[in-house]
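Written below as C-alpha cells is the structure these notes are about.
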Amino acid sequence: VLIVACPCALGLATPMSVMVGIGKGARNGILIKNAEALEEMEKVNVIITDKTGTLTEGKPSLTQIFSENIDENEALQLAASLNKNSEHPLSQAVLDKAKNLKSNDVKNFKNISGRGILGEIDGKKLFLGNIHYLKENNFEISENLLQKAQILENEANTVSYLTIDGKAVAVFGFKDKIKENAKSAIKSLQNKGIEIMMMTGDNEATAKSVAETLGIKKYVANCLPQDKINQVKDLQNQGKIVAMTGDGINDAPALAQANVGIAMGTGTDIAMNSAEITLLKGDISGVAKSKILSEKMMKNVKENLFFAFAYNTLGIPIAAGLLYPIFGVLLSPMFAAAAMSFSSVSVIANSLRLNKVKLKI
C-alpha cells in the first residue's frame, strides 16, 4: 500500500507541463517570466491593447509639416532639437527627417507624460505635443493651423503641435504602418470569445481608422497613462480577467496592474520589466499564440493529474487486499513499484507531448 500510494507522479503533474510549456513558448518567441501568468492566460476574457508599437510597427514616419509665421525647415529644426532627449516613437521620425539639419542646444528639457515635451532654445520656451496641453494652458492656435491639423487627422495621421512662447507655429503629421499579422491575431482572439479594447493617446480619427481596419469594436482615443490603468482596474472590479499588451513607458503601470501583462520585445525596458510575458519579436500574433499555449498546457496538466491518480486509485484497493477474499489475489511489492514508476513515466511522457503542439493562428 505504501509503495503504490507514493505521490511522486502527483508532484510532477503540474511542474512538468509548466516547464515544457515555458520551453515551447521560448522557442516561439514568447518569453514567460512567471509561470502563473501562463496559467492565468487561459482564463483571460478581456485584452486591452496599446496602438503604437503594439498593433502598429512603432516606427512612424513624418509625412507632412504645416507651418505659420515660420519656415518649415526652421520648425523641423526646432522640433528635432527638442526630440534629441525624448524616447517617444515619434521622436525618431522627426530626427530622421531632420538628419541634415543642425540641432540647437536645449535647456530645461521636460517630458510631460501623455502630453509632449518642453524645452528652451535661445531663451524661447518651446513645446511639442498634442492639442490637449495647448488647450489646458490656453495656448494660442490660429484657425488656419486647426484646419490643417484636421486635414491630417482625417487622413489618419497622428498630429503634434509646435509652439513658441505659448503660440502654435506648426503642425506635424505622422503615419505608422499596421503590423502584418495584427488583423489575423485580433480575429483569432475574438473567435475565442475574448473582448478586445484598444486604448491609445492618438486622436479620435487615427484611433478609429486603425480600429476599423483591424475589426476592433471598442477603442478609446486621447488616453493618458492613468486612463489605461484605471480601465484595467474597472474591468477587474467587474470580475474580468484582464491581459494588457503594450510597449512603452506609458504602458508600464497598466502592464503591472493587469492579471497578465504582455510586453513587446521591441519596446522599452521598463515595459518588459513590468510584464510577465514578453513577445521577443514584438509580434502581436504572440498574444494569440500565448492563449493557445496556455489552453494546451492546462489541458495537459489535467491529463497528468488523471495519470497521477489512476494508478493509485486502482492499485491501492488491490494492495490493501480488496480482491483477496474473493479471488485470493494480492499485489506484489514489485508490481506496486512498477505501477508507481509507470505513473511517473506516463506524466513525463504526456508532458513532453506539448513540444508537438502547433501554435498557429
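The values are calculated or read from the model by the stated rules, or taken from the named source; none is laboratory data. Please read all numbers here as calculations on a predicted model, not as lab measurements. Positions of Cβ are generated from backbone atoms using ideal geometry, with glycine treated the same way; all protein chains shown enter the neighbour counts. These area figures cover heavy atoms from the full protein model, side chains too; ligands, DNA and RNA do not enter into them. Shrake-Rupley method; radii C 1.70, N 1.55, O 1.52, S 1.80 Å.
Just name the residue that is least open to solvent (accessible area, probe 1.4 Å) out of those in segment 336-361 that are in a helix (DSSP H, G or I) and free of Cβ contacts under 8 Å to residues at least 12 places away in the same chain. Ranking the candidates gives ALA338 first.
Against the test of being acidic (Asp, Glu) and either surrounded by 18 or more Cβ atoms within 10 Å (Cβ to Cβ) or over 25 Å from GLN257 (Cβ atoms) (or both), the options GLU195, GLU180 yield a single qualifying residue, GLU180.
If you go through segment 198-219 and keep only what is open to solvent by less than 40 Å² (accessible area, probe 1.4 Å) and in a strand (DSSP E or B), you end up with MET198, MET199.
In segment 206-238, how many are free of Cβ contacts under 8 Å to residues at least 24 places away in the same chain and out of contact with any helix residue (DSSP H, G or I) (no Cβ under 6 Å at 6 or more places or on another chain)?
So in segment 206-238, the residues free of Cβ contacts under 8 Å to residues at least 24 places away in the same chain come out as 208, 211-212, 217-221, 230, 234, 236-238.
This time we only want the ones that are out of contact with any helix residue (DSSP H, G or I) (no Cβ under 6 Å at 6 or more places or on another chain), so: 208, 211-212, 217-218, 220, 230, 234, 236-238.
The number of residues fulfilling the criteria is 11.
In the set LEU255, LEU214, LEU279, LEU235, only one residue is under 23 Å from LYS175 (Cβ atoms) and among the hydrophobic types (A, V, I, L, M, F, W, C); that residue is LEU214. Candidates in segment 264-282 are the residues that are more than 14 Å from GLY53 (Cα to Cα) and not in a strand (DSSP E or B); of these, the one that is least open to solvent (accessible area, probe 1.4 Å) is ALA275. The residue that is farthest from PRO225 (Cα to Cα), among those in segment 74-101 that are open to solvent by 90 Å² or more (accessible area, probe 1.4 Å) and among the polar types (S, T, N, Q), is ASN100.
Among residues of segment 283-332 being in a loop (DSSP other than H, G, I, E, B) and not aliphatic (A, V, I, L, M), the one that is least open to solvent (accessible area, probe 1.4 Å) is GLY321.
Looking at GLU40, GLU36, just one residue is assigned to a helix (DSSP H, G or I), out of contact with any strand residue (DSSP E or B) (no Cβ under 7 Å at 6 or more places or on another chain) and within 23 Å of GLU195 (Cα to Cα), and that residue is GLU36. The residues of segment 1-51 that are closer than 30 Å to ILE249 by Cβ, β-branched (Val, Ile, Thr) and open to solvent by 30 Å² or more (accessible area, probe 1.4 Å) amount to a single one, ILE22. Residue count for segment 102-113 satisfying the condition of being open to solvent by less than 50 Å² (accessible area, probe 1.4 Å) and closer than 21 Å to ALA252 by Cβ: 1. Within segment 181-202, being of a type in the set (Asp, Glu) and closer than 16 Å to ALA243 by Cα holds for one residue alone: GLU195.
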